[in-house]
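Okay, so here's the structure we're looking at.
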Amino acid sequence: MFEKLGAMPQDAILKVIEDYSADKRSNKIDLGVGVYRDETGATPILSSVKKAERKLLESQTTKSYLGSSGDPDFNQQMQHLVFGSKSGSGDRITTLQTPGGSGSLRIAAGIVLRTGSASAIWTGSPTWANHVPLLGSAGIEIKSYPYYDAESKTLQFDDMLGALQAVPAGDIVLLHGCCHNPTGLDLSEQQWREVSDVIAQRGIVPFIDIAYQGFASGIQIDNFGVRHLFDAVPEMLVASSCSKNFALYRDRVGALSVVSKDAKTAQIVRSQANNIVRTMYSMPPDHGGAVVKLILADAALRSEWESEVESMRLRLRSMRERLGGAMRELTPDHDFSHFERGNGMFSFVGVTPEQVERLKTEFAVYMVASSRINIAGITNNNVDHLAQSIAAVL
Ligand SMILES: Cc1ncc(COP(=O)(O)O)c(C=O)c1O
């Protein structure tokens, strides 16, 4: 029977990884895959994570099953991290441990589908390449609203607001909590307020994906959108990930929080979520979540983790400034200020697929065809080569 299957097209990022690995040039630069890298190009295990893992090894007494919603202490810690001062408010929020942010997004879409009251989930254009397949695979229609204008390399904020005014009541609007992937351009606090007003007026249900908390302006600031919307609407969904800010990528750590009108409804949502999990993967993996729980609950580990996140954030900021500055000098007639206006790991360069191909073949600079780059692939050593290469293909 398996011969009846057709092969799926290769993932665009995997192709970049393969081509990059095969390239023998010593000045090659990989700006494709979305993991944080330090100045040496490594994606290290955080020191706070290593210490928590050692502690866990000594103290853990059982590997027996947990429930479908994972470890209750982890869930409480994550709710606190993501909702800040709003967490625990009247038990309206229910939080479940999930396999990464991806698991959280998928379970959220499953819950939305079961309510039968949303006709679609609306995602910004563009959005993270996996949003549409991941959310759509739950069986719900995915529609889009304008977000980024490639020509001016700015947010299409008025168009976005206009489109949201036409979203039917009860539909879901997906927003990036911070460090928008792929554009790097986030809503300002004022823009969050305006979006939130429209969402509240129209009876839309916001769905915030926050996968980079701490990488934009700081751990306690980057959840502004979550905190603001919590006060503005009766219901919302929040998918969070520990892949980047704890560098726990392969350990698959994330959480889904659902805000309901009241505590009773929150319990019903939880039972539905547990049922979806039970019929998909039964329960989330424990190890990474146990590590996160230890770090967030221990003052010394938490403070070390916070400074590790801060140094990742500052390195990304510094690389954005170096690339932006170099482009200003090399190509004064072009506007590359979006590198500096952006937050987090991603920006578009803003060149064509043909120019992306030239960057690869002539300059050993690797990125996906859309020209989205991972800022963490830039170092003090390669930034000049990168800027000169971009300038050369313009
Ligand atoms: C916007 C966004 N959401 C969610 C995720 C999910 O990450 P993970 O499933 O690895 O936690 C990512 C990962 O790249 C992302 O960029």
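The values are calculated or read from the model by the stated rules, or taken from the named source; none is laboratory data. All values reported here derive from a predicted model rather than from experimental measurement. So basically every Cβ, Gly included, is an ideal-geometry build from the backbone, and we count neighbours across all protein chains shown.
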* If we scan segment 61-83, do we find a residue that is farther than 16 Å from V253 by Cα and touching a Phe, Trp or Tyr at 6+ places or on another chain (Cβ under 9 Å)? -> yes
* Do you know which of the residues in segment 356-388 that are hydroxyl-bearing (S, T, Y) and without any contact (Cβ under 8 Å) to a residue 60 or more places away in the chain is farthest from V33 (Cα to Cα)? -> T361
* Residues that are modelled with pLDDT of 95 or more, out of contact with any Leu (no Cβ under 8 Å at 6 or more places or on another chain) and outside the structural domain of L31 (by TED's automatic domain parsing): which helices (runs of 4 or more DSSP H) entirely in segment 290-394 hold 2 or more of them? -> 299-330
* Asked: Which condition does I93 not pass, out of (1) of a type in the set (A, V, I, L, M); (2) closer than 18 Å to N223 by Cα; (3) within 16 Å of the ligand (Cβ to nearest atom), if it passes all the others?
  -> (3)
* Asked: Since I142 meets every condition but one in (1) away from the ligand (no atom under 16 Å from the Cβ); (2) among the β-branched types (V, I, T); (3) without any contact (Cβ under 8 Å) to a residue 40 or more places away in the chain, which condition does it not meet?
  -> (1)
* Select from segment 31-61 the residues that are within 16 Å of the ligand (Cβ to nearest atom) and crowded, with 17+ Cβ neighbours inside 10 Å and list them in ascending order. => L31, G32, V33, G34, Y36, R37, L46, V49
* To do: Look through segment 94-116, keep the residues that are of a type in the set (S, T, N, Q) and part of a strand (DSSP E or B), and return whichever of them is farthest from K293 (Cα to Cα).
  => T94
* Which residue out of P99, P72 is out of contact with any strand residue (DSSP E or B) (no Cβ under 6 Å at 6 or more places or on another chain), more than 24 Å from Q191 (Cα to Cα) and either free of Cβ contacts under 8 Å to residues at least 12 places away in the same chain or not assigned by TED's automatic domain parsing to the domain that holds F230 (or both)? -> P72
* To do: Look through L161, L113, L174 and report the one residue that is hydrophobic (A, V, I, L, M, F, W, C), modelled with pLDDT of 95 or more and within 11 Å of the ligand (Cβ to nearest atom).
  => L174
* Structure fact -> When segment 245-271 is checked residue by residue, the ones that are within 13 Å of the ligand (Cβ to nearest atom) and either assigned to a strand (DSSP E or B) or crowded, with 24+ Cβ neighbours inside 10 Å (or both) are N245, F246, V253, G254, A255, L256
